[in-house]
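The values are calculated or read from the model by the stated rules, or taken from the named source; none is laboratory data. Keep in mind that this is a model prediction, so the values were computed, not measured. Every residue, glycine among them, receives a Cβ derived from its backbone with ideal geometry; neighbour counts consider all protein chains shown.
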């Protein structure tokens, strides 16, 4: 796109300097993004024109937000990508297919919006290889939601690319749009500049007092000054035609401007006003479409009066001078005029090429209920869903419900609209549609869907303990209706009760589990889901043996289940957190945890499900904490937090807390604990308070602050929740024995053994044997410690293996067996020091020193200087992955990968990626061996996809 003529700007030196700096050659690592914020008329659009004019050396592409297009998914993104669509075929297959489906040029499963974002990022990056690309987005507050989210994702991933982005956002309408990006506030002109602008537009000499009054009243708004004074003389402004004597009351500048534009419209011929109304109602700018619609209304296009009035200009197509002109044109027209225009546009729109826009115009033209129009909107909603435009789907279904004459069909569509609004993260509109549905007759199935939705809204807003009984009631209704949604709803009820820490009582998790087991609910269509419900419900109702059997069968199915569609994969990803919590806390199965978490990361990457990828990474990071690979865990947690920040989700503080506790970082853990505790209380996530007790138990036991560890673990046990009780009992037993409170330790040991009795895992057997050893005497204790070491080795729980060496060594030293004590304490120290578990390592060092051995701490390796993302990129590059593939795996561009690698080379003292394997291999792992001797997390995660011959998700 060619650069335009440089506009004349008065008083915008600071703003122009900001844009000039953005357009110069980028400094490495500095994002080239700027959001221009301001009220209507402040000159944001003119500043975009300035940027375009200054970008003669760049490829410029634009998008313009339009209110009428806000419900059409990817409309603005399609507009912006138009200059580069010829290169879509060159994108990696998943990105290419996602973008084609999003733009409606191919059929397929609904694309994840962030996979579409990666496709756009790749498209822009490739276009910038020969010439810098400048992206200009005007009126971003009116972009369709999915386009806005996608562009926000792209903007946050720019780092080393030759791409610059400038957004103009009108406040207050767009106050929450594109937050946390670099921004510049565009306020009113200073008095001198405003006066200069006003005098330049008025014919004749303007009295200074009159000028100053106008400048003050217009608050330095450039458009207000230009438009209100356009064509008026100094005498007219001084004697009655100013804002003080205007028949319109004073108000917001945008309102006054819109009224002024409306007054100009009144002087235009009726055919010209109708032509402008057609243009305002259909912002695509298709000259053929406008001509056909005008012809059907008997209008001969004549734009001359509108151009003379300063309302439009022609730059290849009819274009309003300002968005407020469009708004004035549309809202000044009568409702019947608007309906007639929409009717003409619907008739002129090709039903085969653009059925969605045709359906929308037909809906705007409807004067009352119309089943044909409502059915057309419902079909358009289905197409929006297929393209990934869930927000558009919700609005189309809402309008379809409003236009449905039959009350039963209206209720069904309102329920669907409410569910879709909730899925689009708009609980307020979901509640409105649910209320509308309740006024209609509903089938038993729709009543159950509505009850479930009400509960999900309540749970999402506050984790309220009121959600579980509502979900339980909905599950019973689904069961009565024979719906496959019953098992999943029972799982939802159990989960809600556990989050609210309501395990006991008539509406607690155990009651929900008992109801699920007795319900005779029909199959869900997923054997894994049904077995998972059976297992969780059995454990809650104290039938541990049958529950664990069902869980193991569910694990096998979840690990092997074929997932042919994106919907099937998404359902699987939603089930996995429930499964993982069961395997972690009740089956004590680290291998199952690893299997499911690894597959979850891989599948989330495969389909670009960035909403599900962060929790999957967090679970996978938890595996590596227990493997003792804290560096890998930190990389996964860091990536999860980066993606969560880019997608607008809250960070996952739980994993950071667990890692900080095992590292023994008391200051960092204390800060995160307090923030997490406050958040848990605010959201009603009482179960997290139990997790806090377990985490602090680990931290304080590592620091040998046993009184504090005992109190923290006891608080977790007192919550008696479903998940963290077993882990908290382990911490409580160690702390109680160290505090000499053996009766309390024995009581906790009895509860722990009861929880682990039916579990055949090395982890469970290890914690049982070690906890018994803490309370045993002489030979029995010795044998139990050795059993614990063997069992933890079988279970692969490296952190607990190291901890057992420490406890065994402490016991041996106190029993005057220093030579044997040194052997186990040295092993514990080496393992903990290798993990960088500082508190436990220090505890082992003190014990070793007491045996008379001198201990040297391990020197920091060069790779320790790498950030988590640098380490992750370096690891993938060392495995032979190309920059393009690393970028696709980590949702960044190849240029950003290369930029990070240059920093890695400098930190490691090497000059090429060929040297990476040896440089990284020298860094010891948790077990003290060089990394080259260990199977890395990347091996585990990549192996399945490489075997299938597909790009291996990281």
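Quick notes on this one:
- Residue 401 passes every criterion in (1) surrounded by fewer than 22 Cβ atoms within 10 Å (Cβ to Cβ); (2) touching a helix residue (DSSP H, G or I) at 6+ places or on another chain (Cβ under 7 Å) apart from (1).
- Residue check, residue 61 closer than 18 Å to residue 164 by Cβ, more than 22 Å from the chain's Cα centre (by Cα), touching a residue at least 60 places away in the same chain (Cβ under 8 Å) and outside any strand (DSSP E or B): no
- Count of residues meeting criterion [over 13 Å from residue 74 (Cα atoms) and in contact with a helix residue (DSSP H, G or I) (Cβ under 8 Å, 6 or more places away or on another chain)] in region 120-131: 7
- With respect to the conditions (1) at pLDDT below 85; (2) buried (at least 19 other Cβ atoms within 10 Å of the Cβ); (3) touching a strand residue (DSSP E or B) at 6+ places or on another chain (Cβ under 8 Å), residue 31 lacks only one, and its number is (3).
- Residues in region 64-79 that are part of a helix (DSSP H, G or I) and crowded, with 24+ Cβ neighbours inside 10 Å: 3 in all.
- Applying the condition of being touching a helix residue (DSSP H, G or I) at 6+ places or on another chain (Cβ under 7 Å) and modelled with pLDDT under 90 to region 348-359 and asking which residue is surrounded by the most Cβ atoms within 10 Å (Cβ to Cβ) yields 359.
- Cβ-Cβ under 7 Å pairs, at least 6 apart or on other chains, region 738-760 side at negative phi, far side outside any helix (DSSP H, G or I): 756/588; 759/587; 759/588
- Some residue of region 711-723 being under 32 Å from the mean Cα position of the chain (by Cα), at pLDDT 90 or above and under 27 Å from residue 511 (Cα atoms): no
- Filter result for residue 381 (within 28 Å of the chain's Cα centre (by Cα) and farther than 25 Å from residue 74 by Cα): no
- Residue in region 416-433 that is on the phi > 0 side of the Ramachandran plot and within 28 Å of the chain's Cα centre (by Cα) present: yes
- Complete set of residues in region 96-117 that are at pLDDT below 85, within 21 Å of residue 61 (Cβ to Cβ) and out of contact with any helix residue (DSSP H, G or I) (no Cβ under 6 Å at 6 or more places or on another chain): 104, 105
Each row is one residue, and each column tells you yes or no for (1) surrounded by fewer than 23 Cβ atoms within 10 Å (Cβ to Cβ); (2) within 25 Å of residue 512 (Cβ to Cβ).
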site: 417; (1), (2): no, no
site: 420; (1), (2): no, no
site: 427; (1), (2): yes, yes
site: 431; (1), (2): yes, yes
site: 442; (1), (2): yes, yes
site: 447; (1), (2): yes, yes
site: 473; (1), (2): yes, yes
site: 478; (1), (2): no, yes
site: 482; (1), (2): yes, yes
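- Exactly one residue out of 678, 670 is modelled with pLDDT under 90, within 28 Å of the chain's Cα centre (by Cα), in a helix (DSSP H, G or I) and farther than 27 Å from residue 616 by Cβ: that is 670.
- Residue 804 vs. criteria without any contact (Cβ under 8 Å) to a residue 60 or more places away in the chain and either within 21 Å of residue 735 (Cα to Cα) or within 48 Å of the chain's Cα centre (by Cα) (or both): yes
- Residue in region 270-284 that is over 19 Å from residue 79 (Cβ atoms) and at pLDDT below 85 present: no
- Flag if residue 393 is at pLDDT below 90, crowded, with 23+ Cβ neighbours inside 10 Å, within 27 Å of residue 485 (Cα to Cα) and not assigned by TED's automatic domain parsing to the domain that holds residue 455: yes
- Under the condition of being surrounded by 24 or more Cβ atoms within 10 Å (Cβ to Cβ) and either at pLDDT below 85 or not assigned by TED's automatic domain parsing to the domain that holds residue 112 (or both), the residues counted in region 133-156 number 2.
- Here residue 888 clears all of (1) modelled with pLDDT of 80 or more; (2) assigned to a helix (DSSP H, G or I); (3) over 21 Å from residue 627 (Cβ atoms) except the condition numbered (1).
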